[in-house]
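Worksheet: one structure, shown below.
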Amino acid sequence: MKIEQGRRLYLSGRQHPLARYWGTLEPPNDDRQGQGEVSQPVKGRFGIALLQVGKIEPGEEKTFEQIASQVKTEIAEGRAKSEVTTLRDKIEDERAAGSTLAEAAKKLGLSLINVEAVDRSGRGPDGQPVPNLPQTPDVVSAAFSSDVGVDTEALQLPNGGYLYFDVTGVTPSRERTLEEVKDQVEARFHDDEVAKRLLAKANDIVGKLKAGTNFAQAAQEIGLSVATATDLQRGKQAGFVPVKVVDVVFRTPKGAPGTAEGEKPTERFIFRVTDVVDPTLDASSPQSKAINDTLQNSYVDDIVNEFVGRLENDFGVNVNPAALNQATGGGAQQ
């Protein structure tokens with residue numbers, strides 16, 4: 001733990017997770033600690049704290065060349081956010097003046113995506129998923145919570161942009177006739193039968209592999225070729241191996257054969273795990289930092305929840321979670 005510029009609570013160069021509950025912890029100006037020393041009691045948002053200086057690092061002045069790319073990126077992001085905000089205000093002005101979303105988009109030179117029809121599951125009248133529908137935010141759920149003629153609120157996009165939508169029509173739900181779904185039913189029945197036979201055949205081959213049959217020989221008997229995939233990682237596609245198959249592979253012991261469905265029911269993979277390599281831990285990688293931050297926040301949340309629970313029991317009171325989130329900034333963290 002160390003005190004840096006602004007004398008805020010830090011751990012390993014990053015703001016300590018407890019700081020979002022306790023607020024800024026600043027010792028009195030006349031209370032300067034050396035390494036290993038403990039401060040006088042400091043008042044925080046929820047109580048009194050003591051700060052111990054674990055390490056003191058001298059300040060560092062970075063050259064412009066070291067931070068040039070970061071400065072350029074921040075300037076570009078600031079300008080982009082400003083332009084997005086200005087454009088959002090123009091759209092709101094147009095809508096307030098009575099323009100439809102299509103009219104506002106045309107006037108401001110924005111592209112408009114027209115979805116003829118979509119159901120709650122994101123599928124069109126043909127039963128297929130409607131392409132290019134954003135999942136975050138969930139525009140389909142927002143649309144089904146609205147109605148024709150309702151002036152809907154813009155949805156916030158993860159990149160800082162905004163998504164506007166209008167409901168121009170509502171088709172009441174109904175049972176489709178056999179003629180409308182006949183082709184889909186036939187295709188589904190065909191795929192289900194193919195999937196069942198593939199699974200039975202794959203299980204038979206896996207049984208032979210477990211009994212000692214060579215992998216290449218088993219593939220040759222049914223006219224299939226053998227391909228090798230390496231460097232598989234959890235949750236990621238590895239060349240020709242889909243994510244669904246990778247997940248099953250990681251649940252299979254070394255040396256054991258297995259089978260898994262591909263990207264669609266009519267595809268099936270048969271595999272054998274030939275080697276398992278433990279990855280080298282890189283504490284500075286983005287993945288490691290993300291895991292560390294998640295664990296730290298979970299640890300802090302557990303401590304605070306235990307602390308609040310004890311106070312509730314001791315004083316016989318109840319806590320309003322919404323008000324607590326607002327006071328601690330918990331809502332902003334979620």
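The values are calculated or read from the model by the stated rules, or taken from the named source; none is laboratory data. No experiment lies behind these values; they were computed from the predicted model shown. We place every Cβ from the backbone using ideal geometry, glycine too, and count neighbours over all the protein chains shown.
Looking at (1) under 17 Å from residue 156 (Cβ atoms); (2) in contact (Cβ under 8 Å) with a residue 24 or more places away in the chain, find the lone condition where residue 118 falls short.
(1)
A quick yes/no check of all residues on (1) within 25 Å of residue 200 (Cα to Cα); (2) at pLDDT below 90; (3) among the basic types (Lys, Arg):
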site: 254; (1), (2), (3): yes, no, yes
site: 289; (1), (2), (3): no, yes, yes
site: 292; (1), (2), (3): no, yes, no
site: 301; (1), (2), (3): no, yes, no
site: 325; (1), (2), (3): no, yes, no
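Would you call residue 213 under 33 Å from the mean Cα position of the chain (by Cα) and surrounded by 11 or more Cβ atoms within 10 Å (Cβ to Cβ)?
When the stated conditions are applied, residue 213 does not pass them.
Check the range 198-205 and report whether any residue there is small (Gly, Ala, Ser) and at negative phi.
Looking for residues that are small (Gly, Ala, Ser) and at negative phi, one finds at least one in the range 198-205, hence yes.
Restricting the first residue to the range 131-150 and requiring it to be under 16 Å from residue 121 (Cβ atoms) and in contact (Cβ under 8 Å) with a residue 24 or more places away in the chain, which pairs with a second residue that is part of a loop (DSSP other than H, G, I, E, B) and hydroxyl-bearing (Ser, Thr, Tyr) meet a Cβ separation below 9 Å and a spacing of at least six or different chains?
Every condition considered, the pairs that remain are 143/152.
Checking residue 170 against (1) of a type in the set (A, V, I, L, M); (2) at pLDDT 85 or above; (3) assigned by TED's automatic domain parsing to the domain that holds residue 84: exactly one of these is not met. Which one?
(3)
Please go through (1) of a type outside the set (A, V, I, L, M); (2) assigned to a strand (DSSP E or B); (3) not assigned by TED's automatic domain parsing to the domain that holds residue 206 for residue 258 and return the number of the only condition it doesn't satisfy.
Just one mismatch for residue 258, condition (3).
Condition first: part of a strand (DSSP E or B) and either aliphatic (A, V, I, L, M) or over 21 Å from residue 207 (Cα atoms) (or both). Can you find one or more residues in the range 276-283 that meet it?
Checking the range 276-283: not a single residue is part of a strand (DSSP E or B) and either aliphatic (A, V, I, L, M) or over 21 Å from residue 207 (Cα atoms) (or both).
Test residue 4 against the criterion of being modelled with pLDDT of 65 or more, among the acidic types (Asp, Glu) and farther than 19 Å from residue 297 by Cα, and give yes or no.
Here the answer is no, as residue 4 does not meet what is asked.
To keep it simple, each residue is scored yes or no on (1) in the same structural domain as residue 193 (by TED's automatic domain parsing); (2) farther than 30 Å from residue 187 by Cα; (3) surrounded by 10 or more Cβ atoms within 10 Å (Cβ to Cβ); (4) touching a helix residue (DSSP H, G or I) at 6+ places or on another chain (Cβ under 9 Å).
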| position | (1), (2), (3), (4) |
| --- | --- |
| 244 | yes, no, yes, no |
| 252 | yes, yes, yes, no |
| 265 | yes, no, yes, yes |
| 278 | no, yes, no, no |
| 297 | no, yes, yes, yes |
| 311 | no, yes, yes, no |
| 318 | no, yes, no, yes |
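Within the group 206, 241, which residue is over 35 Å from the mean Cα position of the chain (by Cα), under 13 Å from residue 269 (Cα atoms) and of a type outside the set (D, E, K, R)?
Result of the check over 206, 241: 206.
Residue 168 passes all but one of (1) polar (S, T, N, Q); (2) surrounded by 12 or more Cβ atoms within 10 Å (Cβ to Cβ); (3) farther than 30 Å from residue 112 by Cβ; which number fails?
Of everything listed in (1) polar (S, T, N, Q); (2) surrounded by 12 or more Cβ atoms within 10 Å (Cβ to Cβ); (3) farther than 30 Å from residue 112 by Cβ, residue 168 misses just condition (3).
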